[in-house]
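Structure, as structure tokens:
The values are calculated or read from the model by the stated rules, or taken from the named source; none is laboratory data. Since the model is a prediction, treat every value here as computed from it, not as a measurement. Here the Cβ positions follow ideal geometry from the backbone for every residue, glycine too, while neighbour counts run over all protein chains shown.
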Amino acid sequence: MLAYDCACLWDARRGYDLVYMLGYGAAWACWWPRLSGTPVWINVDGLEWARSKWSRLARTYLRLMEWVATRSATRLIADAQAIAEHFRQRYSRGAPCSFIAYGAEPVRADECDASTLTLTRWNLEPGRYLLVVARPEPENHLLEIILGYLQQPMDCPLIVVGAVTGATGYQRALLEHASVRVRFIGGVYDPGLLRCLRVHAACHLHGHSVGGTNPSLLEAMACGNWIIAHDNPYNREVARDAASYFSTPDELARCLQAWRERTAAEQARRAARARQIVAQHYDWERIVDAYEALALEQCARGTQ
């Protein structure tokens, strides 16, 4: 991936009005277009160096590249205000950082045929399962989610979507809890099937903690799911008052107890609020307009 990014930046070093780079892993190579007078934006995504999947050497390199990005880019783009503030405060003398969110499309239950679930090998009943969609990494808190769920005596199984193969010690720890109640169904890469899984879930559990605006959380909100999310600035910025929050398995268990005792009116209010937040703050048309306005402003200024 790093070699590919560098090759793309080399090819884009001249002849373009603006280069937009996703991620800062190859931030040092962004000087190639800059030296030819081409402005470069870097979308910083999240705190990449904080992800546990990287070795110590890789984390050190990515931490350095975060700093380099603030010098090699004309502008940084963050999809969460909390990430933008991190860059503005930590690198106050670096490139300006703009906030432009990620987006999601609203989804209605009648858009997804519930029979799709019963036709698959999972044999799920709509509205009778809990869902978590995440890579099996410690910062996504899958183990805490499973342990919190197991404290509640409920009939609804927990469906874990993600490539949990047992390849790492953490994945093996997760698989120790596999049962009729905790089902690991692997990765689901068909967008339509994943959308169907989300919209018919009774509750969506979200444990991501080191990224910015997470697409999985947005898509759950767009489906009107009841959401219980890990308590961190990124998730609170996105879900606001349309979610409950946990930091420990015990806190998650209490959130699940409250979910079990919810009324139909509370369910409808939460779903409506989640969809309202997506429509007001994460609408793709507004996001595209924000990018267009910023790009036109950049091109009008030239290489500054």
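Structure data summary
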{"read-out": "Qualifying strands (runs of 3 or more DSSP E) (wholly inside region 67-182; at least 3 residues being on the phi > 0 side of the Ramachandran plot)", "value": "none"}
{"read-out": "Of residues in region 198-234 being of a type in the set (A, V, I, L, M), part of a helix (DSSP H, G or I) and touching a His at 6+ places or on another chain (Cβ under 8 Å), the one surrounded by the fewest Cβ atoms within 10 Å (Cβ to Cβ)", "value": "Leu217"}
{"read-out": "Residue match in region 292-302 (condition: touching a strand residue (DSSP E or B) at 6+ places or on another chain (Cβ under 8 Å), among the aliphatic types (A, V, I, L, M) and surrounded by 12 or more Cβ atoms within 10 Å (Cβ to Cβ))", "value": "yes"}
{"read-out": "Arg262 being more than 17 Å from the chain's Cα centre (by Cα), assigned to a helix (DSSP H, G or I) and assigned by TED's automatic domain parsing to the domain that holds Ser216", "value": "no"}
{"read-out": "Selection count, region 1-56, where residues are of a type in the set (Gly, Ala, Ser), touching a strand residue (DSSP E or B) at 6+ places or on another chain (Cβ under 8 Å) and within 22 Å of Glu237 (Cβ to Cβ)", "value": "1"}
{"read-out": "Residue match in region 154-172 (condition: under 26 Å from Ala274 (Cα atoms) and in contact (Cβ under 8 Å) with a residue 60 or more places away in the chain)", "value": "yes"}
{"read-out": "Residue within region 38-52 that is within 25 Å of Asn214 (Cβ to Cβ), modelled with pLDDT under 90 and loosely packed, with under 14 Cβ neighbours inside 10 Å present", "value": "yes"}
{"read-out": "Pairs, first over 14 Å from Ala274 (Cβ atoms) in region 92-116, second at pLDDT 85 or above and polar (S, T, N, Q), C-beta under 6 Å, six or more apart", "value": "Gly94/Thr70; Ala95/Thr70; Phe99/Gln81; Ala101/Thr213; Tyr102/Thr213"}
